[in-house]
Amino acid sequence: MFASLSRSLLSAAGRVLVARPLPLLSSQGPVRALSRSLWLHGGALRPTFLNPHRGFPAVSCACGGLHTEGDKAFAEFLNDEIKEEKKIQKHKNLPKMSGGWELEVIGTEAKLTRKVSGEKITVTFNTNNSIPPSYDEEPQEGEKGDNEEPDLVSTPNFVVEVTKLENHQTLVLDCHYPEEEVAHGEEDEESDIFTIREVSFQTTGDTDWKENSYTLSTDSLDWALYDHLMDFMADRGIDNTFADELVELSTALEHQEYISFLENLKVFVKC
């Protein structure tokens, strides 16, 4: 149910991280360099941005819209940007998820489904706002600066729904990829790259999230119960391997949407 996804997205700003050893994502390969800037091109500002006296001469067009020299330069920049993004695009076709998952995509929303022994498992996520902000850290004294730009990786919140086909209830687990935090405990201990934020029951088939249903937050949850919930999902294919593949899929989807946005923007600017 896509409606349950909206709850996950609305709560993203105030999410609480579970104090649990969490490493950075490591298994997915490089995705693409951080090159998204409509203001920077070739490492420098376009000179026209620094000229406050440039004019905006109108150009006649059959569409009847306003066209300026700035629009022309903007469209040329977008054309170059689209070529560059397509050149570094890792996946021309969407990567496959192992485990027999069926994928449905509607815009920026995606849904993965599979049936296992009388249960239906659904995972929904949205690629909007799924790329964490990057913070440029100045090198410490004596350290060399890194000229390479970081890869853009999409790590969306995702909602897991486990439905018993003979019953009328669905167990809903709201999950996310936490930001980097200091690891605690044994370094060699295998840890999860995603965490559960909230758990609740919802009536199967409802299109709206029931706000009066009890929702269990994991910020103060007993660790034994939390571990059993993680094992419960792992038995149904929601484990670190799945989480890594979801990142790769979401990153490919987000990049496709970005390229499509640039193409639509170019058409809008040109006419």
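The values are calculated or read from the model by the stated rules, or taken from the named source; none is laboratory data. As the structure is a prediction and not an experimental result, all values here were calculated from the model. All Cβ positions, glycine included, derive from the backbone under ideal geometry; neighbour counts span all protein chains shown. Quick note on the areas: whole protein, heavy atoms, side chains included, nothing else; ligands and nucleic acids left out. Shrake-Rupley method; radii C 1.70, N 1.55, O 1.52, S 1.80 Å.
Distance between the 7 Å Cα→Cβ label points at Trp223 and Lys115: 4.0 nm. Computed with a 1.4 Å probe over protein heavy atoms only, the accessible area of Leu253 comes to about 10 Å².
Summarising the label geometry, the points placed 7 Å from Cα in the beta-carbon direction at Ile259 and Ala234 lie 3.7 nm from one another. Label sites at Asn212 and His168, each approximated as a point 7 angstrom past Cα along Cα to Cβ, lie 1.6 nm apart.
Counting only protein heavy atoms and using a 1.4 Å probe, the accessible area of Lys92 comes to about 130 Å². Ordered by 1.4 Å accessible area with all protein chains kept, Arg197, Arg114 run largest first as Arg114, Arg197. Across Glu190, Glu211, the residue with the most accessible area heads the list, and the full order at a 1.4 Å probe is Glu190, Glu211.
At the residue level, Phe261 shows approximately 120 square angstrom of accessible surface with a 1.4 angstrom probe and all protein chains present.
Of the residues Ile131, Ile106, ranked by 1.4 Å probe accessible area with the largest first, the sequence reads Ile106, Ile131.
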